[in-house]
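Visitor: Here it is, the structure, as structure tokens.
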Amino acid sequence: MERISALCLEAVDALKEVFEEIVKGAVPSAEPLLERVRALARAASKDPASLLQLAPTGPGDGYTFQHSVSVGVLALALAASLGHDVEQVAECGLAGFLHDIGKTRVDLCILDKPGELSRDEILEIRKHPEYGAEIVRGMTGVPPGVIEAVLGHHVRFDRTGYPESARTLCLGVPCAVVAVADFYDATTTLRAYQRPMLRGEAIEALRRARGTVLDGSIVEGFLELTDGGV
Ligand SMILES: [Fe+2]
């Protein structure tokens with residue numbers, strides 16, 4: 001457990017550097033982060049549920065960063081529990097860590113706004129998958145499946161959702177895994193505009209989302225993985 005915890009902190013540090021570079025307008029390589037995510041993926045493949053015990057961020061990290069780490073860790077555990085090989089597990093993890101990187105281009109006043117958002121503000125937030133895809137396309141070492149997940153994580157299983165341009169793409173395993181991890185973490189975390197769901201409510205919401213918002217087989221895997229956990 002100590003080893004997994006240390007590997008996770010290393011990945012979080014590498015992710016923090018990526019976020020900081022991007023906020024500065026630089027284009028970092030994804031290689032150092034991917035190397036650390038691969039090490040975590042190897043550990044996850046041996047014991048997926050152990051990753052659910054990790055809490056590698058604190059309130060000082062900001063919501064988007066904390067959420068990115070949580071989704072990355074959940075995606076690693078979920079992909080490993082579904083039996084994917086280490087490289088695929090690592091891609092799912094990297095996709096989770098980077099899925100909302102496009103939000104670094106959205107004004108914090110909009111992201112943290114507690115009240116109702118205007119139509120223009122909603123449209124701006126909905127650009128984050130395209131902003132994110134543009135960012136990760138420029139970084140060296142990002143696998144195509146990760147770029148696709150960054151672009152497609154808000155496209156629903158029934159092919160509604162956004163961005164419209166991604167609805168006809170063939171979206172792979174990292175995208176479907178990240179969508180489930182994102183759904184669970186977003187509903188169970190306190191945000192400016194919502195109280196967090198209790199675990200039981202979140203599980204119910206996940207069940208209802210099977211086959212419409214989310215891929216049912218991956219939701220089943222998540223429910224099995226988190227049975228008694230998370
Ligand atoms: Fe997102």
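The values are calculated or read from the model by the stated rules, or taken from the named source; none is laboratory data. Because the structure is a prediction, the values reported are computed rather than measured. Backbone-built Cβ (ideal geometry, glycine too); neighbour counts: all protein chains shown. All accessible areas refer to the heavy atoms of the entire protein, side chains included, with ligands and DNA or RNA removed. Shrake-Rupley method; radii C 1.70, N 1.55, O 1.52, S 1.80 Å.
Visitor: Of everything in region 196-215, what is touching a helix residue (DSSP H, G or I) at 6+ places or on another chain (Cβ under 9 Å) and either open to solvent by 50 Å² or more (accessible area, probe 1.4 Å) or small (Gly, Ala, Ser) (or both)? Give them in sequence order.
Guide: Result: Met197, Leu198, Arg199, Glu201, Ala202, Ala205, Arg207, Ala209, Arg210, Gly211.
Visitor: Further question: Just to check your reading of the model, which residue among Thr57, Thr64 is touching a Leu at 6+ places or on another chain (Cβ under 8 Å) and β-branched (Val, Ile, Thr)?
Guide: Going through Thr57, Thr64 in turn, just one is touching a Leu at 6+ places or on another chain (Cβ under 8 Å) and β-branched (Val, Ile, Thr): Thr64.
Visitor: Just need a number here: residues in region 21-46 that are farther than 16 Å from Gly132 by Cβ and open to solvent by 70 Å² or more (accessible area, probe 1.4 Å).
Guide: Of the residues in region 21-46, 6 are farther than 16 Å from Gly132 by Cβ and open to solvent by 70 Å² or more (accessible area, probe 1.4 Å).
Visitor: Any residue in region 79-92 that is open to solvent by 40 Å² or more (accessible area, probe 1.4 Å), within 16 Å of the ligand (Cβ to nearest atom) and of a type in the set (Val, Ile, Thr)?
Guide: no
Visitor: Let me ask something else about it. Checking the structure you have, find out if any residue of region 32-47 is away from the ligand (no atom under 16 Å from the Cβ), more than 29 Å from Ile125 (Cβ to Cβ) and in contact (Cβ under 8 Å) with a residue 60 or more places away in the chain.
Guide: Among the residues of region 32-47, not one is away from the ligand (no atom under 16 Å from the Cβ), more than 29 Å from Ile125 (Cβ to Cβ) and in contact (Cβ under 8 Å) with a residue 60 or more places away in the chain, which makes the answer no.
Visitor: Right, here's the next one. If you scan region 128-156, which residues turn out to be within 12 Å of the ligand (Cβ to nearest atom) and in contact with a Gly (Cβ under 8 Å, 6 or more places away or on another chain)?
Guide: Of everything in region 128-156, those that are within 12 Å of the ligand (Cβ to nearest atom) and in contact with a Gly (Cβ under 8 Å, 6 or more places away or on another chain) turn out to be His128, Pro129, Glu130, Tyr131, Gly132, Ala133, Ala149, Val150, Leu151, His154, Val155.
Visitor: While we're looking at this one, here's another question. Given region 4-120, what helices (runs of 4 or more DSSP H) lie entirely inside it while holding 3 or more residues that are farther than 20 Å from Pro196 by Cβ and touching a strand residue (DSSP E or B) at 6+ places or on another chain (Cβ under 6 Å)?
Guide: none
Visitor: Answer with yes or no whether Glu201 is more than 16 Å from the ligand (Cβ to nearest atom), free of Cβ contacts under 8 Å to residues at least 24 places away in the same chain and over 18 Å from the mean Cα position of the chain (by Cα).
Guide: Yes.
Visitor: Has region 20-29 got at least one residue that is in contact (Cβ under 8 Å) with a residue 24 or more places away in the chain and within 14 Å of the ligand (Cβ to nearest atom)?
Guide: no
Visitor: Being over 14 Å from Val146 (Cβ atoms), buried (at least 18 other Cβ atoms within 10 Å of the Cβ) and at pLDDT below 95 narrows it down to one of Leu7, Leu108, Leu54, so name that one.
Guide: Only one candidate qualifies: Leu54.
Visitor: Taking the stated definitions as given, is Leu117 of a type outside the set (Ser, Thr, Tyr), touching a Ser or Thr at 6+ places or on another chain (Cβ under 7 Å) and open to solvent by 20 Å² or more (accessible area, probe 1.4 Å)?
Guide: Answer is no for this residue.
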